[in-house]
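The values are calculated or read from the model by the stated rules, or taken from the named source; none is laboratory data. What you are looking at is a predicted structure, and each value in this text was computed from that prediction instead of being measured. Cβ atoms come from the backbone with ideal geometry, glycine included; neighbour counts cover every protein chain shown. Side chains included, ligands, DNA and RNA excluded: accessible areas come from the protein's heavy atoms. Shrake-Rupley method; radii C 1.70, N 1.55, O 1.52, S 1.80 Å.
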Amino acid sequence: MGSIPIAGVMYLTSRQEAILGGSEGTISAQLLRILLELGERQGADQMIPIVSAHLSGISYLTGGAGALRLYRELGAAGLRCAVRTSINPCGFDLRRFKEMGLEPEFVRAQQELLDLMRGIGVQTSCSCIPQMIDPPQAGDHLAWAESSALSYANTVLGAYTNRESGLTALISGVLGITPNYGMHLDRNRVSTCEIRLDPSFVPHTSLEFSLLGGMLGERVNDGIPFFRGIQPTIPQIKALLAGMATSGQVAMAYFEHLGLPLTILPRERNDRVLPLIVIDRSEYQAYVERFTNEAIEPDLAVFGCPHLTEAEIDQILRLTEQCQDRQSNKPIIWFFCPRVFEQRIPDKLARLSELGTVWFDTCMVVSPAVQSYRSLVVDSYKSYRYLRPLFAGRITVRDRLDLINEVFNGR
Amino acid sequence: MDAELIKARILNPTELEGSVLFLGENFSAYGTIDPVTGQIIDGPAMGQNLRGRILICGSEAGSTVAPWIFLSLRESANLPIALIVRTNVVVLLPACVLLHLPTYDQISEKDYAFLRNASRLRLTHEGIRIIDGFTQN
């Protein structure tokens, strides 16, 4: 009996040792000490350089007074990001926040937080799909804290990132390093269980993949599932990974048809057959009844959690090409997209804005703007999970394409 | 069981006694904790306040903003007094370091089954002792 010792002692470069000794100030020493503590507990042997960091906790709803205090301290100490550092959505559209009906106190706190971030060299990209905005290369080591994006980067792009917290990603952005453990090591990037879907259950919509992800995340937790016998599209994979990263800690998955850039795809580990999880229709139905058993006539539909990609916008636009008159008794629609799409796909955004309000820089989960509505419909497990306890009114889930079809095509 | 020492990996070892708040098996701070009031807004402890309590959960899950939630709890003077996690504390770790929050993790499944049903614990430099147990089943 007694306490368990920490895993080991990490090798540090002479510069890192000097930083720990205070050569670059007390705050830098404190930040490095946090990475060192994390690395030693996780069995890291050294720090490794990263290509980029991506931060969470950007909205004042999520970062709050705690983030404001720390960013003030970093700014006062004159620290700057050492590598490209992007951020998640904040609490409002940076150009149209006055249209969102927010409390002035919230707006002031959010603006100060963003100013402090800009002051240390953070790029205020304000999107949760950095993998679509500035995709990392296969083999890049990253420190990303958006759980859905980091899982996509590991799974689809073959990059290397642990599931960072918003705070360790910030520290890594400032110092340019991360502890070498977990998903940074090839030997840990092996599947821990195999997932098959019974022929009775064939998911089609992004919502079905999202809810399946929520269901599996609880069971797989921090494992690496290997999906066998299904070939989801990229939007479906995005939805599935986001769901698993919300209910569990899944940071990577394997899909037979993806052909990962880095080809570590063992179905067996140490000659042991992987645990098999089979999901059938009845089990799935029982799970989703938690989210869909309330008959709600929503007055607002919010789509884009995670932010809509160009492929997802294309799906919506294709569906509404032959659009009939809008059904007047249906909810108004908000779409959430990355700001960079204004330059990349302006024509598509113009068409999307004919269907509903397009917001940038923010999302339904981290903006208080949705609170002025009585009932909401969301398009993902992730937005449902986080909004349900935070939203004062009633909330349900619908596949966005189904709802758009109903609103604009009357079916 | 009461006298037995439960083994754990310890960050910021302490000597204290307190009441337990069980947060659930997969715990996401965002969507579970109101950082301004310390109220629990979802999960098995919904409606209770975490201020001054010993928090227990099975493992971390979901949102990666958890450290910011805990740093905000410091600003609103609503911090818990300790954290116990059955598996590994990773996402919350930087906040635990900065806040000097006593943090105990890597608990055996058998010991965790007792802990999650306990109502009062004593934390020591060596591990955890159950003062009052079996308040819920």
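Remarks
- Those residues of segment A:359-376 which are aliphatic (A, V, I, L, M) and either within 14 Å of chain B (Cβ to nearest Cβ) or surrounded by fewer than 24 Cβ atoms within 10 Å (Cβ to Cβ) (or both), in sequence order: A:M364, A:V365, A:V366, A:A369, A:V370
- Each residue in segment A:185-208 was checked for being open to solvent by less than 10 Å² (accessible area, probe 1.4 Å) and not in a strand (DSSP E or B), and 3 of them qualify.
- Selection within segment B:93-116 - crowded, with 24+ Cβ neighbours inside 10 Å and either at the interface with another protein chain (Cβ under 7 Å from one of its Cβ atoms) or among the β-branched types (V, I, T) (or both): B:L93, B:P94, B:A95, B:T103, B:I107
- Applying the condition of being within 24 Å of the chain's Cα centre (by Cα), of a type in the set (G, A, S) and surrounded by fewer than 23 Cβ atoms within 10 Å (Cβ to Cβ) to segment A:32-85 and asking which residue is nearest to the other protein chains (Cβ to nearest Cβ) yields A:A65.
- Segment A:389-411, subset touching a Ser or Thr at 6+ places or on another chain (Cβ under 6 Å) and in a loop (DSSP other than H, G, I, E, B), residue farthest from A:L211 (Cα to Cα): A:G393
- Selection from segment A:209-228 of residues that are in a loop (DSSP other than H, G, I, E, B) and either under 30 Å from A:R80 (Cβ atoms) or more than 14 Å from every other protein chain (Cβ to nearest Cβ) (or both): A:I224, A:R228
- Residue among A:V340, A:V278 that alone is within 20 Å of the chain's Cα centre (by Cα), open to solvent by 10 Å² or more (accessible area, probe 1.4 Å) and among the aliphatic types (A, V, I, L, M): A:V340
- Applying a threshold of 8 Å to beta carbon distances and a minimum spacing of six or more residues, or different chains, the list of pairs starting in segment A:10-26 at a residue that is in a helix (DSSP H, G or I) and ending at one that is among the β-branched types (V, I, T) reads A:Q16/A:I177.
- Of all the listed residues (B:E15, B:E4, B:E75), the sole one being of a type in the set (D, E, K, R), open to solvent by 30 Å² or more (accessible area, probe 1.4 Å) and facing another protein chain (nearest Cβ under 7 Å) is B:E75.
- Of all residues making up segment B:35-56, the number that are open to solvent by less than 50 Å² (accessible area, probe 1.4 Å) and out of contact with any Asp or Glu (no Cβ under 7 Å at 6 or more places or on another chain): 13
- Summed over segment B:117-128, the residues that are within 12 Å of B:I84 (Cβ to Cβ) and within 14 Å of chain A (Cβ to nearest Cβ) give a count of 3.
- Pairs where the first residue, in segment A:398-411, is of a type in the set (F, W, Y) and the second is open to solvent by less than 50 Å² (accessible area, probe 1.4 Å), C-beta under 7 Å, 6+ apart: A:F408/A:T320; A:F408/A:L355
- Single residue of segment A:377-389 satisfying the filter (touching a residue at least 24 places away in the same chain (Cβ under 8 Å) and not polar (S, T, N, Q)) that is nearest to the other protein chains (Cβ to nearest Cβ): A:Y386
- A single entry from A:E164, A:E112, A:E103 fulfils the requirement of being touching a residue at least 12 places away in the same chain (Cβ under 8 Å), under 24 Å from B:A95 (Cα atoms) and open to solvent by 10 Å² or more (accessible area, probe 1.4 Å): A:E112.
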